[in-house]
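Down below is the structure, laid out as structure tokens.
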Amino acid sequence: MRLEEQVLEKLSLYKDSWPMLKNNLRIRERREKIISEVSSELLREVRRIKEESIENLEQNIERVRKALEERGAELKIAKDGAEASRMVLEVCKQYGVRLVVKSKSLTTEEIELNKVLESENIEVIETDLGERIVQLAGQKPSHILGPAFHMTRDEVAEIFTKYYGRPIPPDPQQIVLEVRKEFREKYQRAGMAITGANIIIAENGAMVLVTNEGNDRLALAFAPIHIVIAGVEKIVSSTRDVLKILKILPRNATGQRLSSYVSFHLPNMTAYPRGARLSPRRTIYILIDNGRMRARQDQEIKEILYCIRCASCLQVCPPYNMVGGHVFGYIYSGPMGIPWTMIAHGLEKTYFSQLCNTCGLCREACPLDINLPYINSIVKERYGKRFGCPPLNKSLKRYESLITLASRAPNLSNKLLDSNFARKVMEKFIGIDSRRPLPRLSEKNLGEIFTELGLPEKGNILLYTDSLIYYMYPDWAVKAAKILSSLGYRVIIPSLKSCGMPLIQYGFMDDARRLAGHNVEYLYSLIEQGYIVVSLEPTTQECLTNYYPKLLASEKSKVVAENSYGFFEFLKKIGWKEVTKVLKSLQGVYVTYHLPCHSRARDGSIVVKEFLEALGAKVYFKRIGCCGLAGTWGMKKDGHGHDISIEIGRYLVREYEKLGGEFIVTECSICLLQFQHLSNLPSRHPLQLVQLTSIK
Ligand code: SF4
Ligand code: SF4
């Protein structure tokens, strides 16, 4: 089935129930209550631990080997999944194993081990409840931590009713009791336990498992043979490192300070075999390369190897939450699933990366600060170069030239936007869905109504607006310039328009690099003359501070990033006390504020909320996520553009309308388009709400 069809199928199946989103929101709520307990120093320290572990991987593998051999255990390195499966099969044959119990087995999903064992008539029991459910349903996990997140309790009950051949009620407790009865017997009979490992410790060869079910302990209590299957990147140097990782892993994964069970298993510990005699358990570690060693040399994606599989990125990813991991994933799913699929299963399996709208929420959520949106664009670029990119992306990357062309005759262009026929032609030849309302061009663009304003008492500002404001909403930029000039700044606008986000979003990284280079040269020369760069669009600011330094890796791009601010961030830098002197009060105004994905003040504050509150407005705010439009991504006629974008926005708007504001307010012109289309509430840019007390 094509990606578009898969998306449409899931959207209609999940309509109004949003099971993935609701499960993930529950975890996010728990996580948000305790995440502030983790300091940024600790996060940086854990990142450093993982960086060092990957840097010293060869030495660490040898340390694990030595530690295992000292305890009579064994280490094998498998170059790929097939080799790892063969190794497991050989051990099963050698010891006559007919029943295997598994726990924590995402990596065995990666290598599709069950298929290999079952083809040799070896019975495999997944003992993690979610894994067991998807195993019986004949499915793959839809989430890296909650494999059955996409199912309702009725569906789960139906699966067990069929399996046990008697009615099982849709009651989670009852289901657990039934499964437990079966598992106890299997644990005692199993000839082998196979587990994954959250972490492996180089200094003593121990492996660490973090679970909420404790099933690994039961599996290992009885099994005479234990095979650990894990990626080579799971090794860290010391137990001390593990304790630091454990402070952030459960908090981010499930919103718990500590999971119910954290087990440190040393190799060849005693097992309780059938009968009364205790005997040492035979332990074999199979560490899998499967593309990881090559990824380690790949500077553009290397940092994904630091991933601790906490799934925070899945919790926040808007398109993933709409369709789940069977569509937004292969075996690894969600944001981290894009690079991990490329590494472990090959570029050809990564077409689902088209579902990533480059909102950036995954990076914000990632405790290791892995730049997932950038890495995912690199995967899209590589896919496009090898297999060809979707034709729609090619046409939409020219959006800037299309707007410029349309702006030559704004009245005529606006009339065409009202014509169904013209919209159908646009849909066919450009790819913009005819159901998507588009903004109207202003009669005069920003360059025609504004060149400069104010005196440089406090400094010179270059106000960078991007295309939408430049051509559609120039009056917002003029108001922004008036506010800045009232605060003592001279304001000019640049000749630059596009920041290039669509190029990055669709993986046209060579084009993006060229544009970034041009923009950085221009901005750098003005910064050298003492200008401060202030961006009116959050996405422009995200390009200047995040993407350009990644794309160019140059000193100049760093200087531009350090000397540019979002408009409201800059107002905060001036000080709310000063700013409120030049603006009229918003006392008595009730607004619901939407935080755009790319609005990131460098101090982490929600600056527009602060701005509105400083002016006296009552601000309702709930952090849910992306509006779903994400530039031209949500305008594309594909199901994996327009339809999924609408579904993301629908949930958000439904929640916002319950909050109590008279308007939805947001500083991103794209988000406003989505709200104008989907909400019964009026939507406003903050600059549309404020009035200057006097104009300098
Ligand atoms: S950038 Fe946004 S859409 Fe893309 S993977 Fe990350 S969270 Fe998902
Ligand atoms: S990429 Fe980051 S957020 Fe996502 S699973 Fe890995 S560590 Fe967690």
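The values are calculated or read from the model by the stated rules, or taken from the named source; none is laboratory data. This one's a predicted model, so the numbers in the text were calculated from it and none came from an experiment. Cβ atoms come from the backbone with ideal geometry, glycine included; neighbour counts cover every protein chain shown.
GLY346 versus (1) of a type in the set (Gly, Ala, Ser); (2) more than 15 Å from LEU21 (Cβ to Cβ); (3) within 9 Å of ligand 1 (Cβ to nearest atom): which is the lone unmet condition?
The failed condition is (3).
Restricting the range 137-158 to residues that are under 20 Å from ILE331 (Cβ atoms) and aliphatic (A, V, I, L, M), which is nearest to the chain's Cα centre (by Cα)?
Restricting attention to the range 137-158, the residues satisfying the condition of being under 20 Å from ILE331 (Cβ atoms) are 137-151.
Filter once more, so that each one left must be aliphatic (A, V, I, L, M): 137, 144-145, 148, 151.
Values: ALA137: 27, ILE144: 13, LEU145: 15, ALA148: 19, MET151: 22 Å.
Looking at residues that are under 20 Å from ILE331 (Cβ atoms) and aliphatic (A, V, I, L, M), I get ILE144.
May I ask you to list the residues in the range 438-494 that are within 30 Å of LYS637 (Cβ to Cβ) and hydroxyl-bearing (Ser, Thr, Tyr)?
Those that are within 30 Å of LYS637 (Cβ to Cβ) and hydroxyl-bearing (Ser, Thr, Tyr): SER442, THR465, SER467, TYR470, TYR471, TYR473.
Do we find a residue being free of Cβ contacts under 8 Å to residues at least 40 places away in the same chain, aliphatic (A, V, I, L, M) and in the same structural domain as ALA78 (by TED's automatic domain parsing) anywhere in the range 257-268? Working first, answer last.
Residues of the range 257-268 that are free of Cβ contacts under 8 Å to residues at least 40 places away in the same chain, as a first pass: 258.
Subset that is aliphatic (A, V, I, L, M): 258.
Imposing the further condition that a residue be in the same structural domain as ALA78 (by TED's automatic domain parsing) reduces the set to 258.
Checked against the condition, which is being free of Cβ contacts under 8 Å to residues at least 40 places away in the same chain, aliphatic (A, V, I, L, M) and in the same structural domain as ALA78 (by TED's automatic domain parsing), the range 257-268 yields at least one hit.
Inside the range 67-82, can you point out the residues that are basic (Lys, Arg) and not in a loop (DSSP other than H, G, I, E, B)? Please lay out each step first, then the result.
Just the residues of the range 67-82 that are basic (Lys, Arg), to begin with: 71, 76, 79.
Scanning the range 67-82 gives a single hit, LYS76.
Can you list the helices (runs of 4 or more DSSP H) lying wholly within the range 358-429 that have 3 or more residues being farther than 22 Å from TYR471 by Cβ and within 16 Å of ligand 2 (Cβ to nearest atom)?
Counting at least 3 such residues, we get 361-365, 372-387.
Quick one: in the range 460-484, which of the residues that are among the β-branched types (Val, Ile, Thr) and closer than 23 Å to TYR524 by Cα is modelled with the highest pLDDT?
ILE461
Give the residue, chosen from ALA157, ALA206, ALA193, that is away from ligand 2 (no atom under 16 Å from the Cβ), touching a helix residue (DSSP H, G or I) at 6+ places or on another chain (Cβ under 9 Å), free of Cβ contacts under 8 Å to residues at least 40 places away in the same chain and aliphatic (A, V, I, L, M).
One residue alone meets the criteria, ALA157.
Being β-branched (Val, Ile, Thr) and at pLDDT below 95 narrows it down to one residue among THR127, THR107, THR161, THR152; which is it?
THR152
Has the range 399-412 got at least one residue that is loosely packed, with under 14 Cβ neighbours inside 10 Å and either closer than 28 Å to ALA561 by Cα or touching a strand residue (DSSP E or B) at 6+ places or on another chain (Cβ under 7 Å) (or both)? Give the derivation first.
Restricting attention to the range 399-412, the residues satisfying the condition of being loosely packed, with under 14 Cβ neighbours inside 10 Å are 401, 405, 408-409, 411-412.
This time we only want the ones that are either closer than 28 Å to ALA561 by Cα or touching a strand residue (DSSP E or B) at 6+ places or on another chain (Cβ under 7 Å) (or both), so: 401.
Among the residues of the range 399-412, at least one is loosely packed, with under 14 Cβ neighbours inside 10 Å and either closer than 28 Å to ALA561 by Cα or touching a strand residue (DSSP E or B) at 6+ places or on another chain (Cβ under 7 Å) (or both), which makes the answer yes.
Taking the range 319-340, which residues are more than 7 Å from ligand 1 (Cβ to nearest atom) and either without any contact (Cβ under 8 Å) to a residue 24 or more places away in the chain or among the aromatic types (Phe, Trp, Tyr) (or both)?
Matches in the range 319-340: PHE328, TYR330, TYR332, TRP340.
Being of a type outside the set (Gly, Ala, Ser) and outside any loop (DSSP other than H, G, I, E, B) is the filter; apply it to the range 290-304 and report the residue that is farthest from ligand 1 (Cβ to nearest atom). Walk me through it before giving the result.
Restricting attention to the range 290-304, the residues satisfying the condition of being of a type outside the set (Gly, Ala, Ser) are 290, 292-294, 296-304.
Next, from what is left, pick out any that are outside any loop (DSSP other than H, G, I, E, B): 292-294, 296, 302-304.
Numbers: ARG292: 21, MET293: 25, ARG294: 22, ARG296: 22, LYS302: 18, GLU303: 14, ILE304: 12 Å.
The residue in question is MET293.
Can you tell me how many residues within the range 343-357 are away from ligand 2 (no atom under 15 Å from the Cβ) and in a helix (DSSP H, G or I)?
8
Of (1) buried (at least 20 other Cβ atoms within 10 Å of the Cβ); (2) modelled with pLDDT under 95, LEU629 satisfies all except one. Which?
Single failed check for LEU629: (2).
Just the residues that are under 12 Å from SER353 (Cβ atoms), in a helix (DSSP H, G or I) and either within 14 Å of ligand 2 (Cβ to nearest atom) or of a type in the set (Phe, Trp, Tyr) (or both), please, taken from the range 305-335.
Across the range 305-335, the qualifying residues are TYR320, GLY334, PRO335.
Take GLY488 and decide whether it is modelled with pLDDT of 95 or more and either of a type outside the set (A, V, I, L, M) or touching a Pro at 6+ places or on another chain (Cβ under 8 Å) (or both).
Against the criterion (modelled with pLDDT of 95 or more and either of a type outside the set (A, V, I, L, M) or touching a Pro at 6+ places or on another chain (Cβ under 8 Å) (or both)), GLY488 qualifies.
So if I check each of PRO494, PRO502, which one is surrounded by fewer than 18 Cβ atoms within 10 Å (Cβ to Cβ) and modelled with pLDDT under 95?
PRO494
Name the residue, out of ASN393, ASN357, that is closer than 18 Å to TRP633 by Cβ, more than 14 Å from ligand 1 (Cβ to nearest atom) and polar (S, T, N, Q).
Details: ASN357 fails: more than 14 Å from ligand 1 (Cβ to nearest atom).
Testing whether each residue is closer than 18 Å to TRP633 by Cβ, more than 14 Å from ligand 1 (Cβ to nearest atom) and polar (S, T, N, Q) leaves just ASN393.
Could you list all residues from the range 286-300 that are over 25 Å from MET207 (Cα atoms) and either free of Cβ contacts under 8 Å to residues at least 12 places away in the same chain or crowded, with 24+ Cβ neighbours inside 10 Å (or both)?
GLN297, ASP298, GLN299
Just one of the numbered conditions (1) over 12 Å from the mean Cα position of the chain (by Cα); (2) within 16 Å of ligand 2 (Cβ to nearest atom); (3) surrounded by fewer than 19 Cβ atoms within 10 Å (Cβ to Cβ) is not true of TRP340; which one?
Among (1) over 12 Å from the mean Cα position of the chain (by Cα); (2) within 16 Å of ligand 2 (Cβ to nearest atom); (3) surrounded by fewer than 19 Cβ atoms within 10 Å (Cβ to Cβ), the lone unmet condition for TRP340 is (3).
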